[in-house]
Amino acid sequence: MEPPALPADACGGAGGTHGCCEEHLACLAPPGDAHHGATAEGEHQELTEDELYCRCLSQTLCHTPTPVTVGLYAPCGQRLDSLLGKVTGFMRQEMFRREEAELRRSHQRPRSPHGWGLLQALWYLAFYKPIITETHLRRKNMEFIFIRFSAWQYAGCDKLWAGLVTTLCHHVRHHFGALPLSVFHVMGARPRFASGFSQREWALKTGACLKLWALLLVLGAGLGILLVALLVPGIKEHHALKVLGSAVTSLSGSGLVLGAFSVLKNLVISEKHKIERLTDSERFTSQLGFMSKVRGEVEVLIHFLAFMEIFERRRLRVVLEITSLDTCYPEKVAGVLNAMNTLLSDPAAPFIFILAVDPSVIVPCLEQTGCMKGLADNGYLYLNRTVTLPFSIPLMGARSRLSCLEAAVQTREDLMYRTIARNVELRRAKHRNGSSTPPASRHRVVRCIHEAFRCLHCRDDPLARYLPSNSTNLRRIVNTIPITLRLLLHRAGAAAPPPRAAAAWVVLADQWPCRLSWALQCLEDSWQRGPRPDLGARSLWSVFQEHVGELSGLRQPLHNVLSLDGDPELFHSFLARDFPFSARDALTFLGVTVNLDHSIRHKMSLLRGLGRLQRASAVSRGVQCPPLPQAP
């Protein structure tokens with residue numbers, strides 16, 4: 001059987017501006033000096049479990065091709081807000097570190113479209129076309145534009161998805177200023193790729209310059225004729241010359257006035273106002289091309305961001321954090337996900353969506369809407385088609401629980417002081433180029449990730465046989481492996497399982513989430529019932545086989561979850577022959593399994609507990625319980 005090949009977009013973005021597989025691997029652990037790495041070792045030991053998860057996620061997002069949708073899954077809304085804050089903080093630290101490293105490498109400071117830099121930006125917008133060169137593709141510094149979208153604030157709106165798009169447009173306009181974006185609407189040009197190995201990042205707009213000079217020349221000629229006709233003695237009586245001068249001046253000046261009027265119109269009427277005006281129209285539901293107009297506004301933003309990447313000499317990433325979606329009506333939930341899929345899914349879009357939700361709430365909402373047609377009314381399938389990087393936060397660890405407890409008993413003044421102190425630390429990190437991981441550890445992470453990806457590519461490795469043919473699932477696996485390896489090395493150190501085993505576990509969780517969750521739940525129940533010395537040495541397949549009859553009896557309530565699994569025969573050969581994970585291995589991997597929805601296991605726990613109660617009740621009444629059905 002020929003193993004499926006990894007897709008081109010699994011490690012590289014469309015258009016070549018988002019990096020390639022080699023860059024993705026090489027940049028997963030950026031280099032730093034030994035001094036700062038040594039000082040960070042003590043800091044790293046003090047991280048809570050939640051902070052460790054967020055740090056690994058933020059480091060991976062700095063190298064993941066865009067656009068990407070991160071499913072940040074956790075059952076508690078307050079914890080989700082805390083996790084989002086941590087991810088944002090770690091991404092800012094990485095942003096500062098990369099800025100200093102790029103300055104040392106290229107000795108070029110990034111430009112800014114504010115202050116005196118605004119005049120330079122307007123000059124380039126008016127007279128130059130940007131070119132994507134090899135120099136730009138090698139730049140590692142980037143700037144994150146963080147946008148928090150709380151769906152609850154727009155819950156009363158008829159079109160919640162319109163609130164998402166207008167929030168994006170408003171924040172991008174506010175970040176760069178209204179004038180550059182308005183000029184880009186009228187005179188801007190989208191970047192094109194360099195021909196050959198040219199390093200010129202700007203090309204003169206010959207046509208625009210000729211038109212401008214022609215208008216200015218005609219305007220000057222018209223003004224000269226008019227002044228001669230008005231001021232030179234002996235010619236004042238020639239009315240025809242006055243009319244000619246006035247006509248030439250008016251015609252040439254009208255072109256400049258129309259251009260200035262277009263810029264002023266876009267300056268006053270923002271993209272947000274345009275979309276709101278379209279949605280407020282009574283005829284917008286039947287208006288032909290309505291969605292095309294909205295998408296056109298988003299495409300202008302994407303091209304503008306690509307232009308500003310060349311101007312500022314850095315990569316730009318828009319991080320859109322979507323929260324409180326599980327507090328909205330089902331139709332509006334589906335509308336927001338549709339907006340993410342249709343309006344903001346341009347392959348060249350530098351967008352990172354972080355969908356902070358509780359799947360156990362979102363999935364029933366999706367299953368109540370009409371968007372499930374063709375998906376067998378399965379909300380899990382719909383969510384999996386939207387999310388390209390699942391990150392399910394496990395149960396809160398001891399250090400995280402202690403940190404939350406300390407935050408709960410602090411006063412408001414203490415929390416304000418902590419915020420100020422955190423801002424000071426971010427400033428210090430920017431100036432000292434602080435590194436969060438020692439160089440030796442970073443190099444080990446890179447080697448492990450290389451080895452894991454090599455197993456996926458190797459045709460002789462049995463793991464390649466289990467890779468899915470779906471490009472979305474492949475991308476989920478490729479995005480998850482670096483996070484899993486980072487967490488393993490941080491938690492277990494030298495005792496961490498080999499990278500091949502970690503990659504196999506990621507594939508197992510992605511391809512058979514229901515069966516793996518069932519085996520883990522049965523294993524957890526066995527541990528909770530009492531100590532068994534031989535339990536750790538048992539194979540995970542034997543645990544699953546022992547309780548497969550009970551799973552078969554729960555096919556009806558677990559129908560949607562079971563449909564997520566791949567071929568059952570491959571699951572058998574995976575665990576029984578090629579990767580015989582033990583119960584002890586499962587315990588090691590459980591704390592770092594971020595691509596497995598933990599709400600599935602919670603649902604199974606409730607169903608098993610309910611089944612035990614029913615059997616106990618039947619025994620107490622003297623009723624003989626029917627035997628558990630056997631799996632076919």
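The values are calculated or read from the model by the stated rules, or taken from the named source; none is laboratory data. All of these numbers come straight from a predicted model, not from anything done at the bench. Side chains are part of the model used for accessible areas, which takes the heavy atoms of the whole protein and leaves out ligands, DNA and RNA. Shrake-Rupley method; radii C 1.70, N 1.55, O 1.52, S 1.80 Å.
Per-structure values
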read-out	value
Pairs from 86/274; 86/332; 129/293; 129/332; 86/293; 293/332 whose Cα-Cα separation, in the structure shown, is over 30 Å	86/274; 129/332; 86/293
Cα-based shape type of the stretch 473-532, given that a ≥ b ≥ c are square roots of the gyration tensor eigenvalues and the cut on a/c is 1.5	oblate
Listed residues 353, 197, 96 arranged by accessible area, highest first, probe 1.4 Å	197, 96, 353
Global geometry of the stretch 47-133, whether rounded, prolate or oblate, following the gyration tensor of its Cα atoms and the 1.5 cut on a/c	prolate
